[in-house]
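A short worksheet on the structure shown next.
No value in this document is a laboratory result; all are computed from the given coordinates. Since the structure is predicted, the reported quantities are computational estimates derived from the model, not experimental observations. Neighbour counts run over all protein chains shown; Cβ positions are idealised from the backbone, glycine included.
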């Protein structure tokens, strides 16, 4: 059912120098709807754009349910190893983080530069009745103060220039023995692939492709 209303406490209205210039990504007039992702252990509810037409919603693309997020959520559920903390970078609708919470993770942090995306993640948490979740509007490139056993992200690399700051944030967010799992529903290209290899090397992360069939490719990065 369509749900055009946005919460009154939108993070999109917050002043945040680190995220200055990205407020345009939030469109309060865009209709959203609640959907469900069927997993073996039960359904996970999430909010996303009701209109999936990229031609009309490209300016708020982070509010769509992209194939990589759905692929990664299913993989996380199928290969779940219990952890006590998860960070979803560039969370968008928060589908992967919501899946982790549904699997019993007691601490899930949703992070995105787009306050409107964080609103969707917050509504998803409420719809599922989860606790232990936080919402952080932040940019990539700065070291993280908190460490997580699992860091996840989907369709985060859209330009070679975002790779180094993304990996810096992901690597410094990992607890000892932690993993960063990244899914992409579109090809990286040579420049982005090279940047990913170089960034992982700089942060001493072992990079492995763990899934490449279906709608997305999935990488796993762990400390060497």
Review point. For the range 108-119, what are the residues that are touching a residue at least 40 places away in the same chain (Cβ under 8 Å) and either in contact with a strand residue (DSSP E or B) (Cβ under 9 Å, 6 or more places away or on another chain) or part of a loop (DSSP other than H, G, I, E, B) (or both)?
Key: 112, 113, 114, 115, 117, 118, 119
Review point. Any residue in the range 54-62 that is touching a residue at least 40 places away in the same chain (Cβ under 8 Å) and touching a helix residue (DSSP H, G or I) at 6+ places or on another chain (Cβ under 6 Å)?
Key: yes
Practice item. Filter the range 181-209 for residues that are in contact with a strand residue (DSSP E or B) (Cβ under 6 Å, 6 or more places away or on another chain) and within 19 Å of residue 66 (Cα to Cα) and give the result. Key: 181, 182, 183, 184
Review point. Residue check: is residue 129 at positive phi, free of Cβ contacts under 8 Å to residues at least 60 places away in the same chain and over 13 Å from the mean Cα position of the chain (by Cα)?
Key: yes
Review point. Right, residue 135: without any contact (Cβ under 8 Å) to a residue 40 or more places away in the chain and within 13 Å of the chain's Cα centre (by Cα) or not?
Key: no
Check your understanding: How many of the residues making up the range 63-100 are free of Cβ contacts under 8 Å to residues at least 60 places away in the same chain, closer than 21 Å to residue 147 by Cα, surrounded by fewer than 24 Cβ atoms within 10 Å (Cβ to Cβ) and in contact with a helix residue (DSSP H, G or I) (Cβ under 9 Å, 6 or more places away or on another chain)?
Key -> 1
